[in-house]
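What follows is a short report on a single structure.
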Amino acid sequence: MRFLAGCAQFAPKKADVRANLDSIAQFVREAAAAKVDVLVFPESSTSGYYLEGGVLECSLTASALQSELASRLGGLNSDIDFCLGFYEEHEELLYNSAAYFSLIQGELKLVQIYRKIFLPTYGTFDEDRFVSRGTELPVFDTRFGKVAILICEDIWHSIMPTLVALQGAQVLLVPSASPARGFKGEVPGNVERYERLLKGIAEEHSIYVLNSMLCGFEGGKGFAGVSSITDAEGEVIAKSPMLEPHLLVSEVDLDALAMIRANSPLLSDLKSKWPTLVKIINND
């Protein structure tokens, strides 16, 4: 199966949920016009990232998010799946979440919610004070293969992409909001680190990785952007420019996975040794 993947790099207006939902809907329409099949938005797309005590005010339930998007996407005849990050209110708790939607024949369906597990609370980050940690790591079926979602800090912990790969993920979606830091080279250090991480994840586990980044500025903190699509051999096949809003598009070829995984059987080796590793972890 081949499909067209997209990353919607943009700069949300801080705490202006309605305006950001309008921008998200416009990106979806533009991507649909470009024949994109799966579109990924950044982390905290509906509000901006640095809200701290304002998270509650800007949070949405999944059903409210679905309703708001459905009203804005009325009349769109093209079918498209999309994933976006938002602050979620769920069962009286708040989460840094991402929702995967499928729009088919004008009907918007919520397919999956993922809630961020690793909440950074160091340096400029303070997530653990304002949102709760997720407790589930789903890999789910879509029209475009088996998909997993990890949010920003999650991929900095190598066990997370390993676990979703073991569950059969073919495509990993990574909504991110990574403030620029480390200015020793031509690009910020976090941008270089992300590229190394994403290439390593894709190559080791033979999965496609779609990373969509926030760009712009919030309260003096800059988001560099540089969204990317990395193929299952660890090659960056498309990359967005720094700082500016951009719709990144590239083809994903799931039919190539069998050959790629045969040539580099690291994933099958991992699966075969996993029971032994579990015994080691459990001290059995």
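Of note:
- Tally, over the stretch 1-33, of residues that are under 23 Å from SER250 (Cβ atoms) and either buried (at least 18 other Cβ atoms within 10 Å of the Cβ) or hydrophobic (A, V, I, L, M, F, W, C) (or both): 18
- Looking only at the stretch 192-244, and only at residues there that are among the β-branched types (Val, Ile, Thr) and assigned to a loop (DSSP other than H, G, I, E, B), the one that is nearest to SER45 (Cα to Cα): VAL226
- Any hit, the stretch 173-195, residues being touching a Ser or Thr at 6+ places or on another chain (Cβ under 9 Å), open to solvent by less than 10 Å² (accessible area, probe 1.4 Å) and more than 22 Å from THR121 (Cα to Cα): yes
- On inspection, ASP253 qualifies as of a type in the set (Asp, Glu), more than 19 Å from TRP156 (Cα to Cα) and in contact with a strand residue (DSSP E or B) (Cβ under 6 Å, 6 or more places away or on another chain).
- Count of the stretch 246-284 residues which are in contact (Cβ under 8 Å) with a residue 24 or more places away in the chain, within 21 Å of THR230 (Cβ to Cβ) and touching a helix residue (DSSP H, G or I) at 6+ places or on another chain (Cβ under 9 Å): 7
For every residue, the table says whether it meets (1) surrounded by 24 or more Cβ atoms within 10 Å (Cβ to Cβ); (2) over 26 Å from LEU137 (Cα atoms).
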| site | (1), (2) |
| --- | --- |
| LEU76 | no, yes |
| LEU84 | yes, no |
| TYR87 | yes, no |
| HIS90 | no, no |
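- Conditions (1) crowded, with 16+ Cβ neighbours inside 10 Å; (2) closer than 22 Å to CYS83 by Cα; number of the one not met by PHE130: (2)
- Residues satisfying the stated conditions in the stretch 18-59, i.e. in contact with a helix residue (DSSP H, G or I) (Cβ under 7 Å, 6 or more places away or on another chain) and either among the acidic types (Asp, Glu) or over 13 Å from CYS83 (Cβ atoms) (or both): LEU21, ASP22, ALA25, GLU43, SER47, LEU51, CYS58
- Any pair with Cβ under 9 angstrom, 6 or more apart, that starts in the stretch 192-210 at a residue that is more than 24 Å from TYR100 (Cβ to Cβ) and ends at one that is charged (D, E, K, R) and assigned to a strand (DSSP E or B): GLU195/LYS239
- Test for ASP284: is it over 23 Å from the mean Cα position of the chain (by Cα), assigned to a loop (DSSP other than H, G, I, E, B) and farther than 17 Å from PHE3 by Cβ: yes
- Looking at the stretch 1-115, the helices (runs of 4 or more DSSP H) lying wholly inside it that each contain 1 or more residues that are among the basic types (Lys, Arg) and in contact (Cβ under 8 Å) with a residue 40 or more places away in the chain sit at 17-33, 62-72.
The values are calculated or read from the model by the stated rules, or taken from the named source; none is laboratory data. Remember, predicted model here, so these are calculated numbers, not experimental data. Note: ideal-geometry Cβ built from the backbone for every residue, glycine included; neighbour counts use all protein chains shown. The protein model used for the area step is the full one, side chains on, heavy atoms only, and it has no ligands, DNA or RNA in it. Shrake-Rupley method; radii C 1.70, N 1.55, O 1.52, S 1.80 Å.
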